[in-house]
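Only one structure is covered here, and it is reproduced in the block below.
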Amino acid sequence: MISLNRRSFLKLSSLVGGGLLFFKPSAKAGLYTPHYKKPAGEIKYYPNVCSFCSTACDIKVRTRVDGKFKKPQKIDGNPKSTLNRGRICARGQSGIRTVYNPDRIKYPLIRVEGSKRGEWKFRKATWKEVEEYIKKKVIENNIQPHEFAVFAGQRACAYERLGAFALLASIGSPNMIGSPMQQCVMAEHAGADVTVGMMTSHDEILVDMDNTKVMLVVGSNAAIAGISVSRAVRFAQGRRNGMKVIALDPRLSETAAKADKWIALKPGTDLPFLMAVIRLLIKHEMYEEEFLRRHSTAPFLIFDNNGTPEAFGQNTNPESLPFSDKYYVYDEISEQVVEVEGFTNDNIGNKKIKPALFAPKGLTFQGKPAKTAFDYLWETVKDATPEWAAKICDIDPKDIEETAEMLGRIRPATVYPGWMDGRYEDVVQARKAAAIINVLVGGVDREGGWIYNPEMREGIERFYHAYKSGKLKNPMSLVMATAMAPGLLGMIGKLEGMMYSGKNPMFKGYPHFTRAYFEYRAKKEGKKPIPFSLFTNAGFQEAVEGKLTWNGKPYRIKFAYIYSTNPLKDYYGYKTWAKTFSNPNLKLVVVNDILPSDMTAFADVILPDQTYLEKYSEVMPDGPNGDLAIRMRFPSVSKIGDVKGGDEAICMISNAMGGRRGGDYFSAAMMVSQFTHWDMGKTMKELRLAWKGKKPLYKAYRDLALESISKKLNMTPQQLEKTLEKEGVLILKKKEELMEELGMPYKVPVPTFSGRVEIYSTLFSHFNHVYGVDPHWNPILTYIPFEYRKGAPRETFKPEGNEFFFAFGKVPEMTYLTTADNPLLHALVTRHEEENFGFWMNPKAAARLGLKEGDKIEVENTVSGQKIQSFVHLTEAIREDTVYTMSDFGMENPKLTYAHGKGTDMGKIIPYRVGPVTASAMSCQFTVKIRKI
């Protein structure tokens, strides 16, 4: 076993790509022997984009080139990058060890006939053999387009999203499941994003920590423990500039340890804390009044519609997107109710009006009592006193008062938006509350606040011009334009207009299987649908089991393609998912991955994916960077084994599903051109070459993008490609210029359905008409009571004896499977295996149970009855009523030399559940009991 401390690791970082690779390889690594020879040739630097987390840092790879032979030696941050500012974390530096990992899947594999899923019994195959095998299974089982589903993991969502959509279009299936969406992105994004209009499959907003003076961090440790480098460098700079940090966390996390104030509140009590802060901000008028009047829905006049707030003018047609022609505000100058535009960034514009935040008492409109959205917000929080919230949170009321005072009196101020927060059923309202605080203190697209990314600015400007011009009067034109718009508009456009409606001819009348599940769920369980069901797995198990129907016909899933994700671990409820993927109704399971994840053992076919260091790429935007920039990948390592990129697998699977005619590249081209605005004719020509095997798909995308972008820059495609190969990243416009030209919502709308920042959510009101009224999607804000378990309400419950609240988080050196099985990162985490692999417990609680450091324990979930074994780590850095463990480990496949059998498998202690709004698993909404073994 390799063992080295952090300082030694960083000192020897050059060995990540160089010296350590000269070591004599084991027999398992025989394939790599030529790569271990001492390299000759010249040194070159190849730009690339790190693939170890969704930050997607810009990097440069020092490579020894000897003729056609390339051998990477060292990875560094690209000094030209304004995203990660030339920095890179330990994971990024260790990337070359993934390329040469002896556990790596190097050839296509087909399950040995007669063996069962779950058994590691495969035979080596060729890509042609794999394609014929898939074709045969499709024909034998009469697999129809809607019976195909793709599970798209981190690499697909962050880097190859275009290819994933093209695959579905070419097959005619609407069924995409986005691995990070349910528990991470959607759960965290929904509440915040209906407020400010952001939303892509990964974080597209960076907090301007360089310039903020106070920041509240709630439900997140990502900037430090997640080691999102783009955020970490900004956090560090902000601290150097005097930024004050308040951290809410039941554990002394890495962020809390660096905060000015750590508030160790009870797990699951963020919402009452935030409501109390909002109350103080409003009561003491510590909010940006002019911003709210002009650029938000706070002045909208609202009435009570059967117990839920609804705006006068709200589009109540459940069959259409929730755009409205007009809304109404009370004008303090004329003392009259006046109309304002339905979709705009500014309530005032050229009018001489002053929209009221508080309506006159007794105001009526259209025969109904009328109040403003801000009135309703105040009525929601007016009883949320610091004393009320502190009792629930188990903290001192002064902690709430001091937090509100700092956020309200100091400018600029902001709230960190958070990551991975599908832990409790109130998460959407909690995240909405956090976003409302950020809006109240003026932290939207201003220095020191949340900064929108350039692609969102350009996209909303294009959509707004089309909307204002009248080109979108036709309902279908509006649906298609909305689906291609950025942020929240684009997501809902895809959800309701394209993939989930059942009306898109591309998908032959079938919606995503989740919609069929809604009907099943309503009939069998009497439960409401899940409004934010975009790319969730809800209903997949029922589709495999044959329980779902659509328009009276069976709706089954027979073919699952799983790309760069591990559902057995990622989706919780290990046994449930193992049973689903073992079901004989699922006729074909194809897994595409770099390493033998737990999921690969349940495959019929395993496809070996390339690492990012082996890939070319299309032209990509620069992640969540506030600057407008583009970048590309250039391979820095010679081919290993018979691996291919995900784009080549896409064409192969599409052609296999298409039979003699092959995949429908015309539909794929139509989908791609709509997303990218590339010329349809040229796109179809390029994709035809890719689908016919005459050109790699990435090259088709690359050539189309280079031609499109180079024209705007007055360059040739060749000049642009050479520039990107030399520089790695090309900065086209700084964020300060973009904020001046396209400030959101100051110059252009934000991507909400009103165009404003929404205290009152027009989308959540729409959900009330489509799915029925539910407090979880209250359009303004509401308190959501819940129980940790039966008889354990959040307001009063305190664990006793051997019962504890449960919490989990991340290790800075780990992200996904590719990091968990990385030998150098493994060496780092095993140096502190007690805190990384065990359960944290406060020494006072341990003494009560007679536990000592390292004692073996059984952990039982009091809701599901699931049990796991682990050991205890004693630390003062955790509340006495809470236990905590790391989520990065728990791999089962013995083919993983370093990751196998280490740490906690979260899927074996967290049950599979479908929560409200986003279908998140409510992954901490239970308690556990600890017993000494």
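The values are calculated or read from the model by the stated rules, or taken from the named source; none is laboratory data. Predicted, not measured: the structure shown is a model, and the values here were computed from it. Every residue, glycine as well, gets a Cβ built from its backbone with ideal geometry; the counts of neighbours run over all protein chains shown. Remember, those area values only see protein heavy atoms, side chains included, never the ligands or the DNA or RNA. Shrake-Rupley method; radii C 1.70, N 1.55, O 1.52, S 1.80 Å.
Scan region 645-676 for residues that are touching a helix residue (DSSP H, G or I) at 6+ places or on another chain (Cβ under 8 Å), open to solvent by 20 Å² or more (accessible area, probe 1.4 Å) and without any contact (Cβ under 8 Å) to a residue 24 or more places away in the chain and the total you get is 1.
In the set (1) without any contact (Cβ under 8 Å) to a residue 40 or more places away in the chain; (2) in contact with a strand residue (DSSP E or B) (Cβ under 7 Å, 6 or more places away or on another chain), the condition left unmet by Y788 is number (1). Close contacts from region 467-478, counting a first residue that is in contact (Cβ under 8 Å) with a residue 24 or more places away in the chain and a second that is assigned to a helix (DSSP H, G or I), with Cβ to Cβ under 8 Å and a gap of 6+ residues or different chains, come to Y467/A481. Only one entry of I110, I139, I105 meets the criterion of being among the hydrophobic types (A, V, I, L, M, F, W, C), part of a loop (DSSP other than H, G, I, E, B) and surrounded by fewer than 24 Cβ atoms within 10 Å (Cβ to Cβ), and that entry is I105. Taken over region 850-859, residues that are open to solvent by less than 20 Å² (accessible area, probe 1.4 Å) and more than 18 Å from E834 (Cβ to Cβ) amount to 0.
Considering region 860-892, the residues that are farther than 20 Å from E833 by Cβ, touching a residue at least 60 places away in the same chain (Cβ under 8 Å) and out of contact with any Ser or Thr (no Cβ under 6 Å at 6 or more places or on another chain) include one that is surrounded by the fewest Cβ atoms within 10 Å (Cβ to Cβ), namely S864. Within region 248-284, the set of residues being touching an Asp or Glu at 6+ places or on another chain (Cβ under 9 Å) and either within 26 Å of P79 (Cβ to Cβ) or assigned to a strand (DSSP E or B) (or both) comprises L248, K261, W262, I263. Among the candidates A149, A187, A192, A156, which residue alone is at pLDDT 95 or above and crowded, with 24+ Cβ neighbours inside 10 Å? Matching residue, one of A149, A187, A192, A156: A149.
Among the residues making up region 492-535, those that are aliphatic (A, V, I, L, M) and within 20 Å of E147 (Cα to Cα) are L495, M498, M499, M506, A516, L534.
A Cβ distance below 7 Å, combined with a sequence gap of six or more or placement on separate chains, defines the contacts here; from region 495-513, residues that are within 20 Å of A919 (Cβ to Cβ) reach residues that are assigned to a helix (DSSP H, G or I) and aromatic (F, W, Y) in the pairs F513/F540. Within region 514-530, being open to solvent by 50 Å² or more (accessible area, probe 1.4 Å) and either in a helix (DSSP H, G or I) or touching a residue at least 60 places away in the same chain (Cβ under 8 Å) (or both) holds for E519, A522, K523, K524, E525, K528.
Take region 545-580 and flag every residue that is assigned to a helix (DSSP H, G or I) and either within 20 Å of the chain's Cα centre (by Cα) or surrounded by fewer than 23 Cβ atoms within 10 Å (Cβ to Cβ) (or both). Residues satisfying the conditions are E545, P567, L568, K569, D570, K575, T576, A578, K579.
Count of region 893-933 residues, restricted to those that are of a type in the set (S, T, N, Q), at pLDDT 90 or above and crowded, with 24+ Cβ neighbours inside 10 Å, is 2.
Let me confirm something: among G118, G95, which residue is in contact (Cβ under 8 Å) with a residue 60 or more places away in the chain and on the phi > 0 side of the Ramachandran plot? It is G118. Determine whether region 350-359 contains at least one residue that is out of contact with any Phe, Trp or Tyr (no Cβ under 7 Å at 6 or more places or on another chain), open to solvent by 30 Å² or more (accessible area, probe 1.4 Å), closer than 19 Å to Y464 by Cβ and assigned to a loop (DSSP other than H, G, I, E, B). Taking every residue of region 350-359 in turn, at least one turns out to be out of contact with any Phe, Trp or Tyr (no Cβ under 7 Å at 6 or more places or on another chain), open to solvent by 30 Å² or more (accessible area, probe 1.4 Å), closer than 19 Å to Y464 by Cβ and assigned to a loop (DSSP other than H, G, I, E, B). Among the residues of region 618-632, those that are in a loop (DSSP other than H, G, I, E, B) and either over 13 Å from L706 (Cα atoms) or open to solvent by less than 10 Å² (accessible area, probe 1.4 Å) (or both) comprise D622, G623, P624, N625, G626, D627, M632.
Look at region 285-298: where a residue is assigned to a strand (DSSP E or B) and a partner is modelled with pLDDT of 95 or more, sitting 6+ places away or on another chain with Cβ atoms under 6 Å, you get S296/R756; S296/V757; S296/I759. Note on region 232-250: residues that are touching a residue at least 40 places away in the same chain (Cβ under 8 Å) and open to solvent by 10 Å² or more (accessible area, probe 1.4 Å) amount to 4. The condition of being touching a residue at least 24 places away in the same chain (Cβ under 8 Å), touching a strand residue (DSSP E or B) at 6+ places or on another chain (Cβ under 7 Å) and buried (at least 23 other Cβ atoms within 10 Å of the Cβ) holds for only one of D426, D445, that being D445.
Within region 833-849, how many residues turn out to be more than 21 Å from K798 (Cβ to Cβ) and open to solvent by 20 Å² or more (accessible area, probe 1.4 Å)?
So the answer is 3.
Out of the residues in region 306-340 meeting the condition of being outside any loop (DSSP other than H, G, I, E, B), free of Cβ contacts under 8 Å to residues at least 60 places away in the same chain and closer than 14 Å to T762 by Cα, tell me which one is nearest to the chain's Cα centre (by Cα). Step through it out loud before you land on a result.
Here is the first cut: in region 306-340, the residues outside any loop (DSSP other than H, G, I, E, B) are 308-311, 326-331, 336-340.
Filter once more, so that each one left must be free of Cβ contacts under 8 Å to residues at least 60 places away in the same chain: 326, 328-331, 336-340.
Those left that are additionally closer than 14 Å to T762 by Cα: 326, 328.
Working: K326: 33, Y328: 35 Å.
Ranking the qualifying residues of region 306-340, first place goes to K326.
Check region 394-403 and report whether any residue there is more than 22 Å from D304 (Cα to Cα), without any contact (Cβ under 8 Å) to a residue 60 or more places away in the chain and of a type outside the set (K, R). Yes, the conditions are met somewhere in region 394-403. At least 1 residues being polar (S, T, N, Q) and in contact with a helix residue (DSSP H, G or I) (Cβ under 8 Å, 6 or more places away or on another chain) is the threshold, and among the helices (runs of 4 or more DSSP H) wholly inside region 367-426 those reaching it are 373-381, 397-409. Residues in region 597-612 that are in contact (Cβ under 8 Å) with a residue 40 or more places away in the chain and under 16 Å from D570 (Cβ atoms): 6 in all. Scanning region 26-33 turns up no residue that is open to solvent by 20 Å² or more (accessible area, probe 1.4 Å), at pLDDT 50 or above and within 20 Å of T819 (Cβ to Cβ).
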